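Read through the structure below, which is laid out as structure tokens, and then see the notes.
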Amino acid sequence: FFHKKFYENKEIFLKLYKRFIREVISKRYDEDILFQSTPTFRTQACNSVSVIGLDHNDESKDLGIEGLHRDRDYNHSNEEINYFMPFVDTNKYNTIWAESEPDKGDYSPFLLKYGQIKIWSGANLMHGNVVNISNESRVSVDFRILPLSKFVGGNKTLTKEIPFEIGGYWEVA
């Protein structure tokens, strides 16, 4: 329901998002960047998970982490930089869990306060989420940045087959 409402009415949000990318995020880089044209809107209600993924290994089940995956498993570039922006304070049950380095397996939650953003490598770090047994739902967006010099193109997203092209998945900041 929430996803449907967001994507049906995204134009006002996209205006603010694109302004934020151009006025804040792009200033962090010394070169031109591409940004995900439409950020991914996520909710994680009580007693649910936010993302169901590939579950690469049995370790995820032992830890209680659902949908453990890397974004590159979905055709994303290894060079992408992920931004996780929750619109609420997160807790260990309503957030992303990720390893600190590729193949390290030391999963921990992204504990952020409203207004904070986590910058990380979702393409290369295994990540997922646990069942939200707290009484606090999460509402967030995540988006990806790619330095223009790292752009290759030619691939599509695995789930919705959106071309990883400028004017498709990517937009120039």
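The values are calculated or read from the model by the stated rules, or taken from the named source; none is laboratory data. No experiment lies behind these values; they were computed from the predicted model shown. When we count neighbours, we look across all protein chains shown, and the Cβ atoms used for this are built from the backbone with ideal geometry, even at glycine. Note: accessible area is taken over every heavy atom of the protein model, side chains too, but ligands, DNA and RNA are not part of it. Shrake-Rupley method; radii C 1.70, N 1.55, O 1.52, S 1.80 Å.
Under a 1.4 Å probe, what is the accessible area of the chain per residue, stated in Å²?
Normalised by residue count, the accessible surface of the chain is 55 Å².
At a 1.4 Å probe radius, which order do D32, D142 fall into by accessible area, largest first?
In descending accessible area the options line up as D32, D142.
Give me the compactness ratio for the chain, meaning the Cα radius of gyration over 2.2 N^0.38 Å.
For the chain, the normalised Cα radius of gyration comes out at 1.01.
Using packing as a proxy for protection, rank 149-155, 39-45 so that the peptide with the highest average count of other Cβ atoms within 10 Å comes first.
My ranking of the peptides, most packed first, is 39-45, 149-155.
Per the 1.4 Å probe, what fraction of the accessible area of the chain, in percent, lies on carbon and sulfur atoms?
52
What's the ranking of 125-134, 4-13 by average number of surrounding C-beta atoms within 10 Å, highest first?
125-134, 4-13
Hey, if you drop one equal point scatterer on each alpha-carbon of the stretch 78-150 and run the Debye formula without solvent, what base-10 log of I(q)/I(0) do you get at q = 0.23 Å⁻¹?
Ignoring solvent entirely, the Cα scatterers give -1.05.
With every protein chain left in place and a probe of 1.4 Å, what is the accessible surface of L148, to the nearest 10 Å²?
60
When the Kirkwood radius is taken over all Cα pairs of the stretch 131-173, what Stokes-Einstein diffusion coefficient follows at 20 °C and 1.002 mPa s, in µm²/s?
Translational diffusion coefficient: 166 µm²/s.
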